[in-house]
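Novice: Right, I'll just put the structure down here and ask away after.
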Amino acid sequence: MRFGRLQESKRLNAAAMSLLAFLVTGCPSNPIQPTRGASTTETESGVAQYLTTMQQLADSERAQQADVFYEVEREYTGAPTTASTLRYAIALITPGHPASNLAEGKKLLEQLLATPERLVPSERNLASFLVKDADTRLQLQAEIRRLSATVDDRTRTQANSDRRFQTQQEEITRLRRQLAEAQQKLDAIKSIERSIIERSATPQTRDPGSRD
C-alpha cells in the first residue's frame with residue numbers, strides 16, 4: 001500500500017510538472033478573462049508555487065511535509081482568498097502526506113471552477129486538470145476497494161470451504177476407523193461361531209469301559 005501511494009505521488013508530480021509549460025503559456029479553454037490583474041511573470045510564478053507545494057508535500061520528509069501543510073492551511077484559514085484556497089485544495093489532493101484528503105480537495109477545486117472569472121487562465125487549466133485527475137483516482141480507489149472486498153469474500157469462502165473439507169475428511173477417517181473396528185469384531189465373532197460349529201460337528205468317542 002505504501003509503495004502504491006509512492007507511485008501515485010510520483011505519477012501525479014510528473015504529470016503536473018510536464019504540464020507546467022502548457023498551463024502557463026497554453027491557450028485557456030475558458031474564454032472568460034480573469035478579473036485580477038497579473039503580469040505573465042507573476043502568473044508563471046504563481047503556478048510554479050502551486051506545483052512546488054505539490055512536490056514538497058509528495059517527496060519531502062514527514063516533518064517538512066507537516067510544516068508545508070501547516071503553512072498552507074494557516075494561510076487558507078486566515079484569509080481564504082482565491083489563491084490560498086487553490087493552494088490549500090492542491091495540498092489536500094496531493095498524495096504522499098498524512099493530511100491528504102482527495103475528496104475534500106476536489107470539492108474545493110470544483111467550488112473555485114464554479115466561478116472561473118476569479119482564476120487566471122493558468123490556474124483554471126491547473127484546477128481543471130487536477131479535478132479530472134482526482135476523479136480518476138477516486139474511481140480507481142473505489143474499484144480497488146470493491147476488488148479488495150471481493151478478494152476478502154472469496155478468501156473467506158475458500159477458508160470456509162477448506163474447513164468444511166477438512167471436517168469431512170476427519171469424519172470420513174473416523175467412520176473408516178469405526179468400520180474397521182466393527183469388521184474386526186464381526187470377524188472375531190465369526191471365528192468363534194465357526195469354532196463352535198466345528199466342535200459340535202465332531203462325533204464323540206465312547207468310553208470302552210462304559211456299559212449299555
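Novice: Scan segment 136-158 and tell me whether some residue there is within 22 Å of THR82 (Cβ to Cβ), touching a residue at least 24 places away in the same chain (Cβ under 8 Å), surrounded by 10 or more Cβ atoms within 10 Å (Cβ to Cβ) and of a type in the set (A, V, I, L, M, F, W, C).
Specialist: Initially, segment 136-158 is screened for residues within 22 Å of THR82 (Cβ to Cβ), giving none.
For segment 136-158, residues within 22 Å of THR82 (Cβ to Cβ), touching a residue at least 24 places away in the same chain (Cβ under 8 Å), surrounded by 10 or more Cβ atoms within 10 Å (Cβ to Cβ) and of a type in the set (A, V, I, L, M, F, W, C): absent.
Novice: Which members of segment 121-170 meet the condition of being acidic (Asp, Glu) and touching a Gly at 6+ places or on another chain (Cβ under 8 Å)?
Specialist: GLU123, the sole residue that qualifies.
Novice: Is one or more of the residues making up segment 58-70 modelled with pLDDT under 90 and crowded, with 17+ Cβ neighbours inside 10 Å?
Specialist: Looking for residues that are modelled with pLDDT under 90 and crowded, with 17+ Cβ neighbours inside 10 Å, one finds at least one in segment 58-70, hence yes.
The values are calculated or read from the model by the stated rules, or taken from the named source; none is laboratory data. Note that this is a predicted model, so its numbers are computed, not measured. Using ideal geometry, Cβ is built from the backbone for each residue, glycine included, and neighbour counts are taken over all protein chains shown.
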